[in-house]
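Take a look at the structure below.
The values are calculated or read from the model by the stated rules, or taken from the named source; none is laboratory data. Just so we're clear, the structure is a prediction, and the values are computed from it rather than from any experiment. As a convention, Cβ positions derive from the backbone with ideal geometry for all residues, glycine included, and neighbour counts pool all protein chains shown. Keep in mind that these areas ignore ligands, DNA and RNA; they rest on the heavy atoms of the full protein, side chains included. Shrake-Rupley method; radii C 1.70, N 1.55, O 1.52, S 1.80 Å.
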Amino acid sequence: MRYQLKILGSLFLLLTMPFLGLSQVLVSYNKASKIDFKKYKTYQIYGLNVTTIPEFEPKKESINFLIAEIGKQMSARGYQIVKEYPDLILNIGIVITAEQKTRQTDIRDAPRYMGQRNYHWESEEIVVQNYNEGTVILDVVESENNKLIWQAVSKGMITASMGTNMSRITKAVKKMYNKYPVKVKK
């Protein structure tokens, strides 16, 4: 009985492991030194560049939702969006790639039979899951000098569920702005 429970537990872990790592949002940052972010008051979303694989076309609602979430974070920090002469320019890049989650076989997997009477085990990569991964790159550029002053990059899995994707977008944008030099104004 204990042996069966151990096998079931291992099987559950094996099946859920690919989803555990992919459901989280990974974020990295880059900031120019000696910049006083408090002097900036206005911004404009200048560029939106979407690069995707042929099989996947991102939904316009998702892109508009991403832009709205970025706008909420900028607004919460006291910035106002303007059409002309902004202090900051935001460039948004979206890259969508097809990815595979794999695992390596081990000695517990069935052996491969190579040739006549040559029975041995070989390790190989097995595809566990195919998925699409979205990466959002947010560049904050000082418009006066056209100089990149802050950048955040976020990666996460894209699902078929629009609700799940929107919740992940909200989480990713909040996480991106966690290390923004200007804190949320109360």
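A few notes on this one:
- Residue count for segment 59-93, restricted to those that are closer than 20 Å to residue 159 by Cβ and touching a residue at least 40 places away in the same chain (Cβ under 8 Å): 6.
- Candidates 171, 101, filtered to the one that is closer than 28 Å to residue 42 by Cβ and either open to solvent by 40 Å² or more (accessible area, probe 1.4 Å) or modelled with pLDDT under 85 (or both): 171
- Summed over segment 54-64, the residues that are more than 15 Å from the chain's Cα centre (by Cα) and either open to solvent by less than 30 Å² (accessible area, probe 1.4 Å) or modelled with pLDDT of 85 or more (or both) give a count of 2.
- Whichever residue in segment 121-159 is part of a strand (DSSP E or B), more than 20 Å from the chain's Cα centre (by Cα) and not β-branched (Val, Ile, Thr) and, among such residues, is surrounded by the most Cβ atoms within 10 Å (Cβ to Cβ): 142
- Taking segment 160-177 as the range and being in contact (Cβ under 8 Å) with a residue 24 or more places away in the chain and of a type in the set (S, T, N, Q) as the test, the residues that pass are 165, 170.
- Answer residue from segment 40-53, given it is assigned to a loop (DSSP other than H, G, I, E, B) and more than 19 Å from residue 181 (Cβ to Cβ) and is nearest to the chain's Cα centre (by Cα) among those: 52
- Residue that is open to solvent by 90 Å² or more (accessible area, probe 1.4 Å) and at pLDDT 90 or above, where the choices are 81, 45: 81
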